[in-house]
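Trainee: Please find one structure pasted underneath; my questions will follow.
The values are calculated or read from the model by the stated rules, or taken from the named source; none is laboratory data. As the structure is a prediction and not an experimental result, all values here were calculated from the model. When we count neighbours, we look across all protein chains shown, and the Cβ atoms used for this are built from the backbone with ideal geometry, even at glycine. All accessible areas refer to the heavy atoms of the entire protein, side chains included, with ligands and DNA or RNA removed. Shrake-Rupley method; radii C 1.70, N 1.55, O 1.52, S 1.80 Å.
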Amino acid sequence: MPCVLALDIGDKTVGTAFSDDTGTMALPGSTLLRTEGKRKTASAIRDLVLQHKVGEIVVGLPLMMDGTEGVQVEKVKDFVATLRNYVRIPIRYQDERLSTLEAERPMMALGISRQERKQVVDSMAASLILQTYLSRKRSLETEESHE
């Protein structure tokens, strides 16, 4: 089964996470710095797709709390438009409201410093986005097989 790559796209970084071989568990990946622009970041993601034999990409969509799209959603969609020129696999969106907060909570409870959290929170958020996507996908497949 091809791997699924999740992306938590921010203004300064992109958190990554990968599914396991069975497509049931999300594992945090690295955090990419976006210091050199969209094309450089898209190229780095293409390299990850090739290296990990990725079959699809799931991108966290930072909807507003009421479900509407704000400025951050526009930025993510703009980046995804660039990314589509670098990869030829499906790219899907997954609601990511509160994923960063959920990723930070356990680290804060463990007393991990803000600086240390900053280094891994994006990949942890990507992992949460991916786990939600994989669970939802598995649930839909189970429903369809029972029909």
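Trainee: Yes or no: Ala6 buried (at least 16 other Cβ atoms within 10 Å of the Cβ) and within 17 Å of Leu130 (Cα to Cα)? Let's see the steps before the verdict.
Mentor: On the way: buried (at least 16 other Cβ atoms within 10 Å of the Cβ): yes; within 17 Å of Leu130 (Cα to Cα): yes.
Considered against the rule, which asks whether it is buried (at least 16 other Cβ atoms within 10 Å of the Cβ) and within 17 Å of Leu130 (Cα to Cα), Ala6 comes out as yes.
Trainee: Does Arg138 meet the test of being open to solvent by 70 Å² or more (accessible area, probe 1.4 Å), within 20 Å of the chain's Cα centre (by Cα) and modelled with pLDDT under 85?
Mentor: Values: open to solvent by 70 Å² or more (accessible area, probe 1.4 Å): yes; within 20 Å of the chain's Cα centre (by Cα): yes; modelled with pLDDT under 85: yes.
Spelling it out, Arg138 is indeed open to solvent by 70 Å² or more (accessible area, probe 1.4 Å), within 20 Å of the chain's Cα centre (by Cα) and modelled with pLDDT under 85.
Trainee: Out of all the residues in segment 85-107, is one or more more than 18 Å from Thr132 (Cα to Cα), crowded, with 18+ Cβ neighbours inside 10 Å and not β-branched (Val, Ile, Thr)? Break it down into steps so the answer makes sense when it comes.
Mentor: Initial filter on segment 85-107 (more than 18 Å from Thr132 (Cα to Cα)): 85-89, 107.
Subsequent filtering for residues that are crowded, with 18+ Cβ neighbours inside 10 Å retains 87.
From the residues that got through so far, the ones that are not β-branched (Val, Ile, Thr) too are none.
Scanning segment 85-107 turns up no residue that is more than 18 Å from Thr132 (Cα to Cα), crowded, with 18+ Cβ neighbours inside 10 Å and not β-branched (Val, Ile, Thr).
Trainee: Let me ask another. Only one of Asp66, Asp47 is under 23 Å from Arg97 (Cβ atoms) and among the charged types (D, E, K, R). Can you tell me which?
Mentor: Asp66
Trainee: Filtering segment 48-77 down to residues that are surrounded by 12 or more Cβ atoms within 10 Å (Cβ to Cβ) and among the charged types (D, E, K, R), which residue is farthest from Lys12 (Cα to Cα)?
Mentor: If we take residues in segment 48-77 being surrounded by 12 or more Cβ atoms within 10 Å (Cβ to Cβ) and among the charged types (D, E, K, R), then Glu56 is farthest from Lys12 (Cα to Cα).
Trainee: Which ones in segment 54-73 are among the charged types (D, E, K, R) and at pLDDT below 95?
Mentor: First pass over segment 54-73, keeping only residues among the charged types (D, E, K, R): 56, 66, 69.
Across segment 54-73, the qualifying residues are Asp66, Glu69.
Trainee: Somewhere in segment 84-99, is a residue closer than 24 Å to Thr35 by Cα, of a type in the set (S, T, N, Q), in a helix (DSSP H, G or I) and more than 11 Å from the chain's Cα centre (by Cα)?
Mentor: no
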